[in-house]
Amino acid sequence: MVDAVSLAEIARVATGHGPDVMSVDPGLGLLDVAAESGDQAVFDVAHAGLSDALRAHPGDAAHTVSVDPATHRVFFPLSKGPAGTPVLRVMQAAR
């Protein structure tokens, strides 16, 4: 986490291996961080600092994430789902 003005580091938090995509749900104040490892880390940004809200593993190589701010659904396109074919995994944020 960095200060937007000074670019100084404020905090460092753990994510999955190879974090490379982020998506924000402004209505819930949640930041989703997807990693090449397929791990998802969700942080509560509505309060000062970053606090862990959720850790999940939507699927191997689930390192693309998108959030619908109207429905609060989180979308993970997976190149290989459980049957070995492409799937779209949809998760719902709960508050």
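Values in this text are rule-based calculations from the coordinates and carry no lab data. Nothing here was measured: the structure is a model prediction, and the numbers come from that model. Reconstructed Cβ throughout: ideal geometry from the backbone, glycine too, with neighbour counts over all protein chains shown.
Values as computed for the structure displayed
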item	result
Residue in the stretch 31-53 that is on the phi > 0 side of the Ramachandran plot and surrounded by 12 or more Cβ atoms within 10 Å (Cβ to Cβ) present	yes
Residue check, Met91 under 12 Å from the mean Cα position of the chain (by Cα) and surrounded by 12 or more Cβ atoms within 10 Å (Cβ to Cβ)	yes
Selection status of Gly16, surrounded by 12 or more Cβ atoms within 10 Å (Cβ to Cβ), on the phi > 0 side of the Ramachandran plot, assigned to a loop (DSSP other than H, G, I, E, B) and in contact (Cβ under 8 Å) with a residue 12 or more places away in the chain	no
Filter result (part of a strand (DSSP E or B) and aliphatic (A, V, I, L, M)) within the stretch 19-37	Val21, Met22, Val24, Leu30, Leu31, Val33, Ala34, Ala35
Selection within the stretch 50-91 - small (Gly, Ala, Ser), part of a strand (DSSP E or B) and free of Cβ contacts under 8 Å to residues at least 40 places away in the same chain	Ser51, Ala53, Ala56
Boolean, Gly59 is under 14 Å from the mean Cα position of the chain (by Cα), at positive phi and either surrounded by 14 or more Cβ atoms within 10 Å (Cβ to Cβ) or among the aromatic types (Phe, Trp, Tyr) (or both)	yes
